[in-house]
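Scroll down for the structure; my scribbles are underneath it.
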Amino acid sequence: MKLSVWTYEGPPHVGAMRVATAMKGLHYVLHAPQGDTYADLLFTMIERRDRRPPVTYTTFQARDLGADTANLFKTACREAYERFKPEAIIVGASCTAELIQDDPGGMAETMGLGVPVIPLELPSYQRKENFGADETFFQIVRHLAKPVERTARVTCNLIGPTALGFRHRDDITELTGLLMEMGIEVNVCAPYGATPSDIARLGAAHFNICMYPETGEAACRWMERELGQPFTKVVPIGVGATRDFLREVSEITGMVAKIDETRLRLPWYSASVDSTYLTGKRVFLFGDGTHVATAARIARDEMGFEVVGLGCYNREQARMIRKLAKEYGVEALVTDDYLDVEAEIERLAPEMILGTQMERHIGKRLGIPCAVISAPVHVQDFPARYSPQMGIEGANVIFDTWVHPLVMGLEEHLLHMFREDFEFHDEAGASHHGAKAVSPAGAGDPSGALPPDPQDISGPMNAEVIWLADAERELKRVPFFVRGKARRNTEAFASERGLAEISVDTLYEAKAHFAR
Amino acid sequence: MNAPSPNPTGCRDAPLLKERGQREVFCGLTAIVWLHRKMPDAFFLVVGSRTCAHLLQSAAGVMIFAQPRFGTAILEETDLAGMADAQVELDREVERLLSRRPDIRRLFLVGSCPSEVIKLDLEKAAERLSGKHGPHVNVVNFSGSGIETTFTEGEDACLAAMVPDLPGTEARQLVVAGALPDVVEDQMLGLLEGLGIGPVAVLPTASADNPVAVGPNTVFALTQPFLGDTHAALIRRGARHISAPFPFGEEGTTAWLRAIAHEFDVSEERFREVTDAPRDRARRAIAQAGAPLNGKSAFFFPDSQLEIPLARFLTRECGMTALEVGQPYVHRDVVGPDMDLLPAGPVLSEGQDVDKQLDRARAARADLTVCGLGLANPLEAEGLTTKWAIELVFSPIHFYEQAGDLAGLFARPIRRRALLKVAVE
């Protein structure tokens, strides 16, 4: 038993729903009590889907437990088949139904429904949402994909995008265009938008693109083994990764890696002088392993940030993330405990967080800017505009998104110059941001509660060291967005030297010491 | 088909369309989202699965609290192996929680589907933990499981669980049961005070230090139509229920207050003195905010148990026609007075088979379909105008000063549809 306050991932059957909802012509019959239908709103509200997820819940109640929940399942299954006429059905149990051991998979298989029935075994008390999606899609592929003749021209499958995924919709468009430029067509994109009959013709492609290892790797591995299709290992998020990805595709297909970079703006935007202020910004990254790994490379090599910490919540990616952390000279944080992540961020006091919806709340509380790079995400992370993460446009989008929460370079410079003018008092904040403490939860915040004010993390770190009044005054003249760092550095400097007091001199000694 | 109704225009004895099938409703755990705000010294510890934690997070939608006052003790494979284990594990988690959070005075152990199915005895756990951590912390258990409760029944289960432990009293007093936003509760207490009714106690109380007392001279009123078990628990303690329509809209609020005033022998003169001005304000507010509702039809999917009282408000005070009024279940002792007032005509349904009900809703094509979040966008995409029902539970809608807001909540989707000039293709 483990106390959990907020969770990064839902249960595995929600992962199965992400696959079913992304597909067409597939129906999911889920043995589950009535409350589990809450999961529909993730799709209809957060992702604004205009139809119900294709899921029939048996919604058994306490009074059914003594009686016949198995029959309830069979009825639900038959009625769902008759009403929705799917091409294939997946069946499974949620956490509660797992306990009553009705074996929905076995029952459905014996019902003679006339369409493929794919049973799912998703251990609710051990695994989580990403596993559920990966396993479900793997089972669908294993049951439906057959060896078929390859297409005459070089084609690929896009594997891994699901419903509720972070920018999956737009990544598909971006990648399709990118591959088109190389002369490679997409045979099937799955699960997003695919029907069971599309799954059957996956084998026609020459290779697979594993867009998101979290939800597509098991299927890719199976297809490599059974259908002889190699799959890509590079996830094309960021400029460097996109170039590497096209090289990898070229190696697999023997076709020339062509890329039209006329639309690519990230490298120039990073090089232009306004971005000087981004130099060495201390960032902390947290999310799913894939997005964190790609974001770390962008942060260091394409934005010029300093990565001070990174981690992931899905332990399937723990090994990769630990290895990566070593390369970046930091300790990896692999946890699904939100409080651990918060404590680590508080300890590292980064200048920016690249994280999930959860880290956005941590950032708000601690007064640290945050940009979202990974699921879990909220309604605002499903924008109306085209906003991919992958490929050329993805890199442009990432530059804008990450820079937005920060005070811009020219603005930072002006704040410095005029910092004692009343217009530029500390509370004024950045000019392109709205009022302070605006709830980002927006539509999803039915209580209307405003978040508490950000905690002042520029407060003294070490109570032993005393700030003299004139030093404290001088510290106040340091612009607010670097004051926390100045205070921390000065205190670290003082305690290293065993100083009990901090004077104006100490402040500037420390500044000189940490100058870079 | 049915015996003639005592009130020929009412719905009290109308036949119910009882349905069984897929129910598209939340479970009772959801009530924690508003209950924890009402009881700042309480912590709600769900003993359940990752699904429970995920539900709470999704329903709350607010991950802004540094130290939220609810959480889930997630059962793991090892807990499912043997019962003794789970109790020991629970003790350990509670110990850790309470040592970290000395501000907790009331701890609710909330049962879930998995804990009910494995028959984890939370009552025993609550007794044991109360013995260990009392008197500073009072540990109470209730079930919010989806196999036993729907949505708002979670509040009912929570309040009902507190009633047996309430101190006794012989005093003549009024208890009002139901969690209301503070601002609304204060308005209600102001009205009752104006009528000279007292002492008045409200269940749940904000603090564990002054619990509500109950006894044979207690009369009680409900502010929420989903408090069936609380109703029964209070009666078991000797209290007597003042039956009344629920205080939604001008008419409902007046009828609710009048029933209580009658019980306490308040003169008609005084009643008018206290209520005339707010009644007039409420009428004017409804006329203004509810104007777009006049002459329109409504279809209610079962959600919060508020459906019958709200249908009464919309039909009698906003000029709407109800086509179907669905409720998760109909508790006639509680909503009977509202059913008396609800004009005959609508299909009254209990329980749900969501696909069949969707067929009816599509055939009815009401001007406004009131439904849960899982159905709202899909129905909008089919061209129906919807009001998502959960907002009715989270917003202040009771009593005179909110009557206009209540009409406005229903009117906004209709106004919005009229405003938008770019159709969805």
Out of curiosity, is B:ILE104 under 19 Å from B:ALA42 (Cβ atoms), among the aliphatic types (A, V, I, L, M) and part of a loop (DSSP other than H, G, I, E, B)?
yes
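Quick grid of which residues meet (1) surrounded by fewer than 21 Cβ atoms within 10 Å (Cβ to Cβ); (2) hydrophobic (A, V, I, L, M, F, W, C):
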{"residue": "B:PRO247", "(1), (2)": "no, no"}
{"residue": "B:VAL266", "(1), (2)": "yes, yes"}
{"residue": "B:ARG270", "(1), (2)": "yes, no"}
{"residue": "B:ASP276", "(1), (2)": "yes, no"}
{"residue": "B:ALA287", "(1), (2)": "yes, yes"}
{"residue": "B:GLN305", "(1), (2)": "no, no"}
{"residue": "B:ALA311", "(1), (2)": "no, yes"}
{"residue": "B:GLY326", "(1), (2)": "no, no"}
In the range A:65-80, how many residues are in a helix (DSSP H, G or I) and out of contact with any Asp or Glu (no Cβ under 8 Å at 6 or more places or on another chain)?
9
What tally of residues in the range A:465-492 results from selecting those that are among the small types (Gly, Ala, Ser) and within 23 Å of A:ARG347 (Cβ to Cβ)?
3
Can you tell me which residue among B:PRO40, B:PRO102 is in contact (Cβ under 8 Å) with a residue 60 or more places away in the chain and surrounded by fewer than 16 Cβ atoms within 10 Å (Cβ to Cβ)?
B:PRO40
Going by what's in this entry, would A:LEU41 be described as in a strand (DSSP E or B), within 8 Å of chain B (Cβ to nearest Cβ) and either among the hydroxyl-bearing types (Ser, Thr, Tyr) or without any contact (Cβ under 8 Å) to a residue 60 or more places away in the chain (or both)?
no
Which members of the range A:1-48 meet the condition of being at pLDDT below 95 and among the basic types (Lys, Arg)?
A:LYS2, A:ARG48
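Suppose we filter B:ALA403, B:ALA381 for residues that are among the small types (Gly, Ala, Ser) and in contact with a helix residue (DSSP H, G or I) (Cβ under 7 Å, 6 or more places away or on another chain); which single one remains?
That would be B:ALA403, the only listed residue that is among the small types (Gly, Ala, Ser) and in contact with a helix residue (DSSP H, G or I) (Cβ under 7 Å, 6 or more places away or on another chain).
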Here is a list of conditions, (1) more than 9 Å from every other protein chain (Cβ to nearest Cβ); (2) in a loop (DSSP other than H, G, I, E, B); (3) at pLDDT below 85, and B:GLN67 meets all of them except one; can you say which number that is?
(1)
Just checking: which of the strands (runs of 3 or more DSSP E) contained wholly in the range A:313-417 hold 1 or more residues that are within 21 Å of A:THR242 (Cα to Cα)?
A:352-355, A:370-372
Can you name the residue in the range B:361-375 that is without any contact (Cβ under 8 Å) to a residue 40 or more places away in the chain and farther than 21 Å from B:GLY290 by Cα and is also farthest from the other protein chains (Cβ to nearest Cβ) among such residues?
B:ALA363
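Matching residues to (1) of a type in the set (Val, Ile, Thr); (2) surrounded by 17 or more Cβ atoms within 10 Å (Cβ to Cβ):
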| position | (1), (2) |
| --- | --- |
| B:ALA381 | no, no |
| B:ALA389 | no, yes |
| B:LEU392 | no, yes |
| B:ILE397 | yes, yes |
| B:LEU406 | no, yes |
| B:LEU409 | no, yes |
| B:ARG416 | no, no |
| B:VAL422 | yes, no |
| B:GLU425 | no, no |
Within the range A:13-28, is even one residue touching a Cys at 6+ places or on another chain (Cβ under 9 Å) and either crowded, with 24+ Cβ neighbours inside 10 Å or of a type in the set (Phe, Trp, Tyr) (or both)?
yes
Given the conditions (1) within 7 Å of chain B (Cβ to nearest Cβ); (2) surrounded by fewer than 24 Cβ atoms within 10 Å (Cβ to Cβ); (3) not in a helix (DSSP H, G or I); (4) not hydroxyl-bearing (Ser, Thr, Tyr), report the number of the one that A:GLY10 does not fulfil.
(2)
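May I ask you to verify whether B:GLU185 is among the acidic types (Asp, Glu) and not assigned by TED's automatic domain parsing to the domain that holds B:GLY238?
Working: among the acidic types (Asp, Glu): yes; not assigned by TED's automatic domain parsing to the domain that holds B:GLY238: no.
Judged against the criteria, B:GLU185 is not a match.
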Across the range A:256-275, what is the number of residues that are surrounded by 14 or more Cβ atoms within 10 Å (Cβ to Cβ), modelled with pLDDT under 95 and either in a loop (DSSP other than H, G, I, E, B) or of a type outside the set (Asp, Glu) (or both)?
3
Which residue is farthest from the other protein chains (Cβ to nearest Cβ), if the candidates are limited to the range B:107-127 and must be surrounded by 19 or more Cβ atoms within 10 Å (Cβ to Cβ) and more than 16 Å from A:GLU98 (Cβ to Cβ)?
B:ALA126
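Looking only at the range A:65-81, which residues are more than 8 Å from every other protein chain (Cβ to nearest Cβ) and free of Cβ contacts under 8 Å to residues at least 24 places away in the same chain?
The answer is A:GLY66, A:ALA67, A:ASP68, A:ASN71, A:LEU72, A:THR75.
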Within the range B:128-143, restricting to residues that are away from every other protein chain (no Cβ under 14 Å) and small (Gly, Ala, Ser), the one that is nearest to the chain's Cα centre (by Cα) is B:SER130
Can you pull out every residue in the range B:144-162 that is of a type in the set (S, T, N, Q) and within 11 Å of another protein chain (Cβ to nearest Cβ)?
B:SER145, B:THR149, B:THR150
Going by the conditions given, is A:ARG51 on the phi < 0 side of the Ramachandran plot and either part of a helix (DSSP H, G or I) or crowded, with 22+ Cβ neighbours inside 10 Å (or both)?
no
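Yes/no matrix, rows are residues, columns are (1) facing chain B (nearest Cβ under 8 Å); (2) without any contact (Cβ under 8 Å) to a residue 40 or more places away in the chain; (3) more than 23 Å from the chain's Cα centre (by Cα):
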| residue | (1), (2), (3) |
| --- | --- |
| A:VAL14 | yes, no, no |
| A:LYS24 | no, no, yes |
| A:LEU30 | no, no, yes |
| A:MET45 | yes, no, no |
| A:ARG63 | no, yes, yes |
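Please note which helices (runs of 4 or more DSSP H) are completely contained in the range B:119-211 and include at least 2 residues that are among the acidic types (Asp, Glu) and within 16 Å of B:VAL46 (Cα to Cα).
So the answer is B:153-162.
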Sort out which residues of the range B:26-57 are modelled with pLDDT of 90 or more, at the interface with chain A (Cβ under 8 Å from one of its Cβ atoms) and in contact with a Phe, Trp or Tyr (Cβ under 6 Å, 6 or more places away or on another chain), and write them in order of number.
B:PHE26, B:THR30, B:LEU55
Any chance A:VAL234 is within 26 Å of the chain's Cα centre (by Cα), more than 23 Å from A:ILE398 (Cα to Cα) and either free of Cβ contacts under 8 Å to residues at least 60 places away in the same chain or surrounded by fewer than 18 Cβ atoms within 10 Å (Cβ to Cβ) (or both):
no
Could you tell me whether the range B:263-272 includes any residue that is in a loop (DSSP other than H, G, I, E, B) and under 19 Å from the mean Cα position of the chain (by Cα)?
no
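The values are calculated or read from the model by the stated rules, or taken from the named source; none is laboratory data. All values derive from a computational prediction rather than experimental measurement. Virtual Cβ from ideal backbone geometry, glycine too; neighbours counted across all protein chains shown.
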